[in-house]
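The values are calculated or read from the model by the stated rules, or taken from the named source; none is laboratory data. Quantities reported herein were computed from a predicted structural model and do not represent experimental measurements. As a convention, Cβ positions derive from the backbone with ideal geometry for all residues, glycine included, and neighbour counts pool all protein chains shown.
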Amino acid sequence: MASPMRTWLITGCSTGLGRSLAEVLIEKGEQVIATARNPASLSDLVAGHGNAHALKLDVTSASDIADVLAYADRELGGIDVLVNNAGYGYIASVEEAEETEYRALFETNLFGLIEVTRAVLPGLRAKGAGHILNISSVGGMMGNIGSAYYAGTKFALVGFSEALSKEVAELGIKVTVVAPGPFRTDWAGRSLKTAPKRIDAYADTVHRRIDGMEKTSGAQAGDPVRAAEAMIAAVDSPKPPLHLILGESGLTRVREHLVALQAEIDDWAEVSISADFPK
């Protein structure tokens, strides 16, 4: 059965999964507010579509957030689905990373997401319905070489989302954390940031990973259009997942990580219990 037309607010639509999701939704006839720091980059996306709206949104700007929400309320009757997609990758060793870069990463990937969510929640609460999709990463479920800062933003996003889901469930609002593995987007290509300085001690770990990512960018198995369809299916579901992993590679890695984590917990269970006062 076809879903009623909803209004989706998607952050970070200039490229990648955000753009693919917007394209699929526009084709399906849903109302889409596609946003980017430079809305001119969305002109071809919305051209000729009465159900598509391109707006400026830097998620670190309180005035941009207020303007987008005011437009949504005035023109479209508010938001039904929020997709917090804006963000980018930063790969560097903990030691090589620059403070201005990792602080900016947290401002966009985490704090910007929080502020957009806080701004949208009153409208969803008033409707007694809605769905929030927070785009995390497989890197938000396990830390990888060179990803300490990126994983820090995504691990925090997961914890934020899990707590939020429990706060708003009885208000009719659903939350899903989307964890893509490698997808054929610009994430590991031109959108990826790295540290300008390199310390030789990390040549066989962090630097090797960066070089490998750059070489394989554009050949990832993940299909952004199929990812979009999977996210829509989650929103359409009467019982959507709290965690949605996308891509076989990501799914395999998460499963392996969980098995190893369970084994470690079991190995140290007696020590864990010994930390309590004796019974």
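I need the full set of residues from the stretch 212-268 which are free of Cβ contacts under 8 Å to residues at least 12 places away in the same chain and among the β-branched types (Val, Ile, Thr), in order please.
Thr252, Val259, Ile265, listed by residue number.
Which one of these is over 24 Å from Ser63 (Cα atoms) and part of a loop (DSSP other than H, G, I, E, B): Lys166, Lys197, Lys154, Lys174?
None of the others qualify; the one that does is Lys197.
Looking only at the stretch 221-240, count every residue that is in a loop (DSSP other than H, G, I, E, B) and farther than 14 Å from Pro180 by Cβ and tell me the total.
So the count comes out to 4.
State the number of residues belonging to the stretch 82-96 that are at pLDDT 95 or above and in contact with a helix residue (DSSP H, G or I) (Cβ under 6 Å, 6 or more places away or on another chain).
5
Looking at the stretch 104-125 only, could you name the residues that are touching a residue at least 24 places away in the same chain (Cβ under 8 Å) and hydrophobic (A, V, I, L, M, F, W, C)? It would help to see each step written out before you state the result.
Applying the first criterion (touching a residue at least 24 places away in the same chain (Cβ under 8 Å)) to the stretch 104-125 yields 105-117, 119-121, 123-125.
Leu105, Phe106, Leu110, Phe111, Leu113, Ile114, Val116, Ala119, Val120, Leu121, Leu124, listed by residue number.
Output yes when any residue across the stretch 72-84 is surrounded by fewer than 22 Cβ atoms within 10 Å (Cβ to Cβ), farther than 24 Å from Leu164 by Cβ and either aliphatic (A, V, I, L, M) or free of Cβ contacts under 8 Å to residues at least 12 places away in the same chain (or both), and no when none is.
Checking the stretch 72-84: at least one residue is surrounded by fewer than 22 Cβ atoms within 10 Å (Cβ to Cβ), farther than 24 Å from Leu164 by Cβ and either aliphatic (A, V, I, L, M) or free of Cβ contacts under 8 Å to residues at least 12 places away in the same chain (or both).
May I ask you to say which residue of Gly189, Gly218 is modelled with pLDDT under 90, among the small types (Gly, Ala, Ser) and either buried (at least 21 other Cβ atoms within 10 Å of the Cβ) or on the phi > 0 side of the Ramachandran plot (or both)?
The conditions single out Gly218.
Looking at the stretch 20-41, I want the residues that are touching a residue at least 60 places away in the same chain (Cβ under 8 Å) and have a partner that is among the polar types (S, T, N, Q) with Cβ atoms under 9 Å, at least 6 apart or on another chain. Which pairs are those?
Ser20/Thr185; Leu21/Asn85; Leu25/Gln31; Leu25/Asn51; Lys28/Ser3
Among the residues of the stretch 118-136, is there at least one that is of a type outside the set (S, T, N, Q), assigned to a helix (DSSP H, G or I) and in contact with a Ser or Thr (Cβ under 9 Å, 6 or more places away or on another chain)? Steps first, please.
Just the residues of the stretch 118-136 that are of a type outside the set (S, T, N, Q), to begin with: 118-133, 135.
Now narrow it down to the ones that are assigned to a helix (DSSP H, G or I): 118-127.
Applying the additional criterion that residues be in contact with a Ser or Thr (Cβ under 9 Å, 6 or more places away or on another chain) yields none.
The answer is no, given that none of the residues of the stretch 118-136 is of a type outside the set (S, T, N, Q), assigned to a helix (DSSP H, G or I) and in contact with a Ser or Thr (Cβ under 9 Å, 6 or more places away or on another chain).
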